[in-house]
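All remarks here apply to the structure that follows.
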Amino acid sequence: MTENPSRLASYWERRLEKMDERELRHSQRLPGWRDRRHRRALVAVLVAADVGLIVSASIFTTGSDWLSGSLWLGSILVGGSAFVLLRILTGRMSGGFSRLLDEREREWRHRVTYIAFQILSYLMIGAMIYTLLVADTEDGGYRGAMMMSALLVTGTTIPSMLLGWSLPDDDPEDFEEGMGND
């Protein structure tokens with residue numbers, strides 16, 4: 001069963017237009033936060049939440065361990081909120097299609113994703129080593145899985161953290177004139 005190529009192209013054009021509209025809405029949110037100071041504060045919160053996930057995974061047991069569970073849940077909630085805000089503030093660079101990005105944004109994204117991929121690879125190697133070290137301990141499988149998931153979540157936040165830390169301040173004139181009115 002093959003699709004008509006023009007019908008498929010038309011479908012993707014509509015999807016990209018919807019993504020453009022959604023990006024335009026997001027790009028006008030939080031105009032007072034679109035500076036390095038606010039983005040770096042969110043990066044610090046996200047780093048603390050990622051460290052909380054890693055610590056909770058390292059002290060995890062299947063018994064009645066309320067500390068590990070509380071730390072895990074708190075880190076997920078705080079880190080998830082900071083991540084969503086950071087994604088809004090960094091715009092479409094960390095997750096948009098290349099077609100929607102200008103040359104500068106495309107270059108930033110390629111650089112950041114390359115660095116993030118390398119870091120994620122090292123984190124996964126660390127997770128495998130940790131799993132091998134705790135394999136023979138009580139709840140070793142659970143602990144290894146928790147550490148792997150904590151490091152995977154940490155690795156997926158790296159592109160947004162790098163962009164949030166290093167992007168220059170947005171131009172305030174963009175918000176006075178309205179985004180998208182070129």
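Provide a single number: the residues in the range 97-145 that are farther than 23 Å from I54 by Cβ and assigned to a loop (DSSP other than H, G, I, E, B).
Number of matching residues: 3.
Sort through L162, L167 and tell me the only one that's surrounded by 14 or more Cβ atoms within 10 Å (Cβ to Cβ), modelled with pLDDT under 90 and either under 20 Å from L42 (Cβ atoms) or touching a Phe, Trp or Tyr at 6+ places or on another chain (Cβ under 7 Å) (or both).
L167
With respect to R40, is the statement that it is at pLDDT 75 or above, under 20 Å from the mean Cα position of the chain (by Cα) and open to solvent by 60 Å² or more (accessible area, probe 1.4 Å) true?
yes
Considering each of I115, I129, I119, I125 in turn, give the residue that is modelled with pLDDT of 85 or more and touching a Gly at 6+ places or on another chain (Cβ under 8 Å).
I119
Please go through the range 56-75 and pick out each residue that is small (G, A, S) and either in a helix (DSSP H, G or I) or in contact (Cβ under 8 Å) with a residue 60 or more places away in the chain (or both).
Once the filter is applied, which keeps residues that are small (G, A, S) and either in a helix (DSSP H, G or I) or in contact (Cβ under 8 Å) with a residue 60 or more places away in the chain (or both), the range 56-75 yields S56, A57, S58, S68, G69, S70, G74, S75.
In the range 47-75, which residue that is of a type in the set (G, A, S) and under 22 Å from L120 (Cα atoms) is most open to solvent (accessible area, probe 1.4 Å)?
Once the filter is applied, the top-ranked residue is A48.
Determine whether the range 90-97 contains at least one residue that is on the phi < 0 side of the Ramachandran plot, hydroxyl-bearing (S, T, Y) and open to solvent by 40 Å² or more (accessible area, probe 1.4 Å).
For the range 90-97, residues on the phi < 0 side of the Ramachandran plot, hydroxyl-bearing (S, T, Y) and open to solvent by 40 Å² or more (accessible area, probe 1.4 Å): absent.
Considering only residues that are hydrophobic (A, V, I, L, M, F, W, C) and surrounded by fewer than 16 Cβ atoms within 10 Å (Cβ to Cβ), which ones fall in the range 120-134?
Selection gives M124, I125, M128, I129, L132, L133.
Of everything in the range 1-36, what is modelled with pLDDT of 75 or more and closer than 18 Å to S81 by Cβ? Give them in sequence order.
Passing the criteria: G32, W33, R34.
The values are calculated or read from the model by the stated rules, or taken from the named source; none is laboratory data. Treat the numbers as computed from the prediction; the structure is a model and nothing was measured. Cβ coordinates were reconstructed from backbone atoms using ideal geometry, including for glycine residues, and neighbour counts include every protein chain displayed. Quick note on the areas: whole protein, heavy atoms, side chains included, nothing else; ligands and nucleic acids left out. Shrake-Rupley method; radii C 1.70, N 1.55, O 1.52, S 1.80 Å.
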